[in-house]
1. Provide the solvent-accessible area of ASP47, counting protein heavy atoms only and rolling a 1.4 Å probe, rounded to the nearest 10 Å².
2. Identify which of THR158, THR30, THR143 has the largest mean-square fluctuation in a Gaussian network model of the chain, with springs joining Cα atoms closer than 10 Å.
3. Using the Kirkwood radius over C-alpha pairs as Rh, can you work out the diffusion coefficient of segment 192-326 via Stokes-Einstein at 37 °C, viscosity 0.692 mPa s, in µm² per second?
4. Please report, largest first and rounded to whole Å, the three semi-axes of the ellipsoid equivalent to the chain, where each semi-axis is the square root of five times an eigenvalue of the C-alpha gyration tensor.
5. For the chain, with every protein chain kept in place, what is the accessible area per residue (1.4 Å probe, Å²)?
6. Could you grab the relative contact order for the chain? Cα pairs under 8 Å, six or more apart, rounded to a whole percent.
7. Rounded to the nearest 0.05, what FRET efficiency is calculated for SER212 and MET165 with R0 set to 45 Å and r the Cβ-Cβ distance?
8. Output the antiparallel fraction of DSSP beta bridges having both residues in the chain, as a percent to the nearest 5.
Amino acid sequence: MTHLIIGVTGQDGSLLAEKLIGEGEKVIGTFRRGGDYGNNDKAWRLDELKIKNLISLEPLDINDIFHFQKLIIKHNPDIIYQLAGNSFVGDSFEAPQSTLATNINSTINILETIRSLNMNTKVFFASSSEIFDSSTFEVKNETSKMEPLNPYGISKLTVYHLVKMYREAFGLKVSTGIFFNHESPFRARNFVCRKISYNIARLKVSGGPSFSLGNIDMKRDWSSAEDFVDGICLIVKKPGDYVLSSGNLTSVRSLLIEAARHAGFEPKFKGEGLKEVCYDAITGKVLMTISEKYYRKIDTPGLMGDSEKLEKSTGWKKTKGINQVICQMVEKDINRIKNKI
Ligand code: GDD
């Protein structure tokens, strides 16, 4: 089968490509047109996973429907995975227009192409837990009230509705994964888990200044990105909308403690509010300070997801908890820094 991964250079795209290639499948991967994947950092994940030469890489402007259609006609994929777009919630307040335009136009372009060309192609779209109403704390599933609090969440709610409408009105085999947070050593450094793992590793291997975080008492339902990639492969076989989550809440503070301990520090906290610091009780060195800069205008309170629908209808099972994932991330970052990767 031929698989087209839109956004193959991102965390989820590269892990999905690795899985499919390992299963002997043919993978076409797109990267953002205008970026030279060969001469900059864009393809670092594919390089590290040693799969860059095993993928047919294509530049794509997903907002240009004609460009997308040429690609589809050229490769005629059996399954398309839309994993590209703006994914940083914090940034979406600064760039609401481009967040909405990119995430929504790309969805319509794919759905309209499949419909108008009468294709039998299955398509997976990534949505987000940021679509849910966070004024109540009951565990969220596919039937929970949806009321996003940020431009990113609004764009992902539109993705969810468009996919559902095209599936129900036109019978397309299209699905949405409503992703809660998911992490791996291949996460970008602007997300909090990788920011922690990278900086703890840096402080361990080469020292240097402490790093800053925002609100460390925020909680999230965090999972392993590899488990979610397994979920994506099951979902495309049973088109629908599915929540992917761990069902547990963990604070940023507790992940910082886990990461620091795993690296051999003895993390302790002192001070309050913006003056709070995390230091290593063995050496007295300050590891982390708080900066107002990383506080969100509106931060979605921690919500928990319920993946029962996915588990019951596809047999999906999670294999790792977030503490195990953050420790793997620290180890990988220590190796990268030691080996200058
Ligand atoms: N990024 C970041 N940087 N977050 C921080 C920091 C910091 O220095 N300090 C505290 N946080 C808090 C954020 O305020 C938030 O409450 C939490 O850590 C997690 O932030 P992120 O890792 O940036 O993830 P996110 O929850 O905003 O969004 C991720 O998960 C969504 C699914 O729930 C992204 O992957 C989204 O694309 C995804 O949809």
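The values are calculated or read from the model by the stated rules, or taken from the named source; none is laboratory data. Worth saying up front: this structure is predicted, and the values here are computed from it rather than measured. When we count neighbours, we look across all protein chains shown, and the Cβ atoms used for this are built from the backbone with ideal geometry, even at glycine. For the accessible areas, the whole protein counts, side chains as well, though only heavy atoms, and no ligand, DNA or RNA atoms are used. Shrake-Rupley method; radii C 1.70, N 1.55, O 1.52, S 1.80 Å.
1. In the full protein context, ASP47 sits at about 80 Å².
2. THR143
3. 199 µm²/s
4. Working from the Cα gyration tensor, I get semi-axes of 34, 23, 18 Å.
5. Per-residue value: 44 Å².
6. Answer for the chain is 17 percent.
7. Working from the Cβ atoms, E equals 0.55.
8. Restricted to the chain, the bridges split so that about 20 percent are antiparallel.
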